[in-house]
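Below you'll find the structure, written out as structure tokens, and then a few comments.
Bear in mind that the values in this text are calculations on the coordinates, not laboratory data. The structure presented is a predicted model; accordingly, all values stated were derived computationally and were not measured. Because the Cβ atoms are built from the backbone with ideal geometry, glycine has one as well, and the counts that use them run over all protein chains shown.
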Amino acid sequence: MKVLFLDQSGKPGGAELCLLDIVKPFANTSLVGLFADGDFKKLLETNHIPVQVLTTQAIKVSKESGLFSAVASLGQILPLIYQVIQIARKYDLIYANTQKALVVGAIASFISGVPLVYHLHDILSLEHFSQTNLQVAITLINKFASLVIANSQASKTAFIQAGGKANITHVVYNGFEPKNYQVEETEVKKIREELGINDNFVVGHFSRLSPWKGQHILITALANCRENVTVIFVGDALFGEDEYVKKLHQQVKDLGLENRVKFLGFRDDIPQLMSACDLVAHTSIAPEPFGRVIVEAMLCGKPVVAAKAGGAVELVEDGINGFLVTPNNSEELAQIINNYVEDKVNILEIANHARINASHRFNGDFINYKIQELLKTVISKN
Ligand code: UDP
Ligand code: GLC
């Protein structure tokens, strides 16, 4: 099967890391076309996946954009669309992995006659997108996509509520390779020593720094946690959220938490860092479409506390394989962290159960098999 994968980002966000694993079985026959250069391209190359940067011109539309900028950007992307049409003619499928890739892929699919698949990584609601953006996405998907792969039931439900077609939409969770998350105790010790967190109870937060990911909630919670609790933030502002980063640093200063918070920036040793934590916190204040970090924490055998909304609710069963807290509620979060500090035995049982369960439920081979079967049905119908 020859697939032209399209993704707008040059940076490795969750949607891109998910795509990396989906593409691997297609490496010999397929191509990933990116609309920006960057570390994601390097990552694909390291994994021997053919990749081409199709444009380096920034497409000036954001999740909040209105009709005017949406239309204006169309002119800007015409050369890109033309290029994608030429390339697509050599492939069986166009697989759009992000919203801008959907716009380009939909028009290219219409003109070339190559069927379009859309991997929906977002909750298409007004909490995340402008009305214009939603309308454009839903219209293009309904008109041009043969198949929608939703990353969670929550994403699927929001899509249908916004007017998306239910009959072409299938939920497939992100897949993971469980053995990548098994980390030697010596490595864990080394990291804890390097970070100077040996004797502390360490809460890890793994996410790009962005207001809706709610890092500020964890900082507020920390002020109400026991003295031996420290927090590490792993991740960077990937999409220009520099103001938010400044605010986070100021908040830490204002609360006098400088010695209990570390910002580690973007890292590519997530399993090792997660394994060095006592607990992983997820604090999104808008519904999380899926939440890779939640599953990754489980695979590392770490207790996870997640914000009760969106896909997170499908991943975590409160008190069984992790904990759920009300989004945007730092007191509740602090309470759970303090409970953890006191009752380690019960926590470890929950984390161990989560690890075993997640390694079956999100097994990468099985997920890839499911996706391949879905793609085959699209090809056989065309
Ligand atoms: N991640 C990473 N390095 C970092 C921070 C995060 O590789 O410094 C990874 C993380 O392990 C996860 C992904 O980025 O696989 C984030 O995906 P998630 O679904 O949690 O959130 P998104 O950013 O896609 O909304
Ligand atoms: C998006 C979503 C995130 C999800 C990831 C992979 O980036 O924000 O929740 O886990 O895609 O599907």
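What ranking, highest mean first, results for peptides 207-219, 230-242 when packing means the other Cβ atoms within 10 Å averaged over each residue? Write out the running numbers ahead of the final one.
On the way: 207-219: 21.4, 230-242: 18.5.
Result, highest mean Cβ count within 10 Å first: 207-219, 230-242.
For the chain, take N as its residue count and report Rg(C-alpha) divided by 2.2 N^0.38 Å.
Details: Rg = 21.0 Å, N = 382, 2.2 N^0.38 = 21.1 Å.
Here the answer is 1.00, to two decimals.
Neighbouring Cβ atoms within 10 Å as the yardstick, rank His282, His121 fewest first. Walk me through the numbers on the way to the answer.
Details: His282 26, His121 22.
Ascending Cβ contact count within 10 Å gives the list His121, His282.
Okay, helix-only estimate at 222 nm for the chain: each DSSP H run of n ≥ 4 adds -39500 (n - 2.57), divide by all residues, round to 500 deg cm²/dmol; what do you get?
On the way: 15 runs with 176 residues, N = 382.
After summing the helix terms and dividing by the residues of the chain, the value is -14000 deg cm²/dmol.
FRET efficiency for Ala166 and Asn228, Cβ-Cβ distance as r, R0 = 51 Å, nearest 0.05?
On the way: r = 50 Å, r/R0 = 0.98.
Once the sixth-power term is evaluated, E becomes 0.55.
Using Cα-Cα distances under 8 Å and only pairs 6 or more residues apart, what relative contact order does segment 149-286 have, in percent? Working shown, then result.
Working: 177 pairs, mean separation 41.7, N = 138.
30 percent.
Hey, can you rank 189-195, 142-148 by average C-beta count inside 10 Å, highest first? Mind dumping the intermediate values first?
Values: 189-195: 14.0, 142-148: 19.1.
Per-residue mean Cβ counts within 10 Å order the peptides as 142-148, 189-195.
Cα centroids of segment 88-146 and segment 318-382: how far apart, whole angstrom?
For segment 88-146 versus segment 318-382, the Cα centre distance is 28 Å.
When a/c reaches 1.5 or more, the comparison of a/b and b/c decides; with that in mind, is segment 111-176 rounded, prolate or oblate per its Cα gyration tensor? Provide the component values of the computation, followed by the final result.
Values: a/c = 1.77, a/b = 1.07, b/c = 1.65.
Oblate, since a/c reaches 1.5 and b/c is not below a/b.
If each residue's Cβ is checked for other Cβ atoms within 10 Å, how do Arg292, Arg260 rank with the fewest at the top? If you can, show how the numbers build up before the last one.
Values: Arg292 24, Arg260 20.
In increasing order of surrounding Cβ atoms, one gets Arg260, Arg292.
Are there any helices in the chain, counted as whole DSSP H runs, that stretch 24 Å or more along their axis by Cα and score at least -1.0 on average by Kyte-Doolittle, and if so which?
Numbers: long enough: 67-88 (29 Å, 1.56); 344-361 (25 Å, -0.40); 364-381 (26 Å, -0.04).
Qualifying helices, which must be both long enough and hydrophobic enough, are 67-88, 344-361, 364-381.
Between Asp92, Asp254, Asp318, find the one with the highest GNM mean-square fluctuation for the chain; connect C-alpha pairs within less than 10 Å.
With Cα springs under 10 Å in the chain, the top fluctuation among Asp92, Asp254, Asp318 is at Asp254.
Among Met298, Met1, rank each residue by its count of other Cβ atoms within 10 Å, from fewest to most, as a rough exposure measure.
On the way: Met298 32, Met1 14.
Ranking Met298, Met1 by Cβ neighbours within 10 Å, fewest first, gives Met1, Met298.
Would you list which aspartates and glutamates come within 16 Å of Lys189, measuring only between C-alpha atoms, while excluding same-chain residues fewer than 8 positions from it?
Qualifying aspartates and glutamates at Cα under 16 Å: Asp199, Asp269, Asp278.
Starting from the Cα of Lys11, draw a straight line to each of the lysines and keep only those under 19 Å, dropping any in the same chain fewer than 8 residues away.
Output for Lys11: Lys24, Lys41, Lys42, Lys60, Lys63, Lys100, Lys213.
Rounded, prolate or oblate: which fits segment 241-382, taking a ≥ b ≥ c as square roots of the Cα gyration tensor eigenvalues, rounded meaning a/c under 1.5, else prolate when a/b beats b/c?
Numbers: a/c = 2.09, a/b = 1.53, b/c = 1.36.
The shape class here is prolate.
For segment 273-351, what class follows from the C-alpha gyration tensor (a ≥ b ≥ c being the square roots of its eigenvalues): rounded when a/c is under 1.5, otherwise prolate if a/b is larger than b/c, else oblate?
oblate
Percent relative contact order of the chain, based on C-alpha pairs within less than 8 angstrom and at least six residues apart? Present the calculation step by step, with values, prior to reporting the outcome.
Working: 719 pairs, mean separation 53.9, N = 382.
14 percent.
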